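Working notes, structure below.
The values are calculated or read from the model by the stated rules, or taken from the named source; none is laboratory data. Not measured: the values here are computed from a predicted model. Note that each Cβ is placed from the backbone with ideal geometry, even for glycine, and that neighbours are counted across all protein chains shown. Surface areas here come from the heavy atoms of the whole protein model, side chains and all, with no ligands, DNA or RNA. Shrake-Rupley method; radii C 1.70, N 1.55, O 1.52, S 1.80 Å.
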Amino acid sequence: MQNFYMILLGASGVYLTAQLAAYLFFGKIFFPNTGILFQQRKNRFEWQMVFPKNLLLLVIFIFSTSLFGLMMELLGVVGWLSLPLGAVGGLAVNFLINAVIAPTVLKAQDSAAPTDEQLDEADGVVCEDIPADGYGRIKVKHGSRSYYFDAVSANDRLIERGERVVVLYAQDGLCFVEAEAHLFDILFEQESTPTDEQSAQEQAADAEAPKHDTMIFTHESKGE
């Protein structure tokens, strides 16, 4: 049983290490909901009977069960008994994560995360391509920590990964961004494009100008 536990421990440990690296550097969780793997609703329900809704919790359970089982084996517990005892330990770890650790961490992150007002005009880096008509992801540094937010292109332009962006405004944690390289282009476009009010005033002035000239010409003709 020791070899069995060590294989499971190694495989699940590699996954958890990769997951931790992906979260720290890219703010991503592998398969947070296995339903996203399947487009058709029927397939989604069928496969979720095989795969759990949250794959990460399953891997944590396997890792914890293998660890507790291996410890039982090393302590001399009978092999057939180490597996159910290890499973109990795995369930206890998952319960601890769901009921205590995760809520505490999320609460701390939410209290420290920047608000929508603080995100306005913040600088960030694209960590997932932002298509012209879809969602991407950006990393924003606030204080001494980095936070990840969903983002859309404010002017319907593709913004590629690695580009620096500026948050024009944010709403419910969704950032509307523009690439720094195009930010000044937008400002110049706004300055050079007349507003509707200015256009209306110019059109009114053009319309009144001929009438004024006609009145002057008529007045001079009567004087003659």
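Descriptive notes on the structure:
- Helices (runs of 4 or more DSSP H) contained in segment 1-87 and holding at least 3 residues at pLDDT 85 or above: 2-26, 55-74
- Number of the condition not met by A151 [criteria: (1) over 30 Å from S111 (Cβ atoms); (2) modelled with pLDDT of 85 or more]: (1)
- Filtered residues of segment 117-143 (kept if in a loop (DSSP other than H, G, I, E, B), of a type outside the set (D, E) and under 18 Å from L183 (Cα atoms)): A122, P131, A132
- Residue in segment 73-91 that is acidic (D, E), open to solvent by less than 80 Å² (accessible area, probe 1.4 Å) and touching an Asp or Glu at 6+ places or on another chain (Cβ under 8 Å) present: no
- Candidate set: segment 93-108, residues that are in contact (Cβ under 8 Å) with a residue 24 or more places away in the chain and of a type outside the set (V, I, T); chosen: the one most open to solvent (accessible area, probe 1.4 Å): N98
- Taking every residue in segment 129-142 that is over 16 Å from Q171 (Cα atoms) and pairing it with any residue that is of a type in the set (K, R) and not in a strand (DSSP E or B), at least 6 positions away or on another chain, the pairs with Cβ-Cβ distances below 9 Å are D129/R161; I130/R157; I130/R161; A132/R157.
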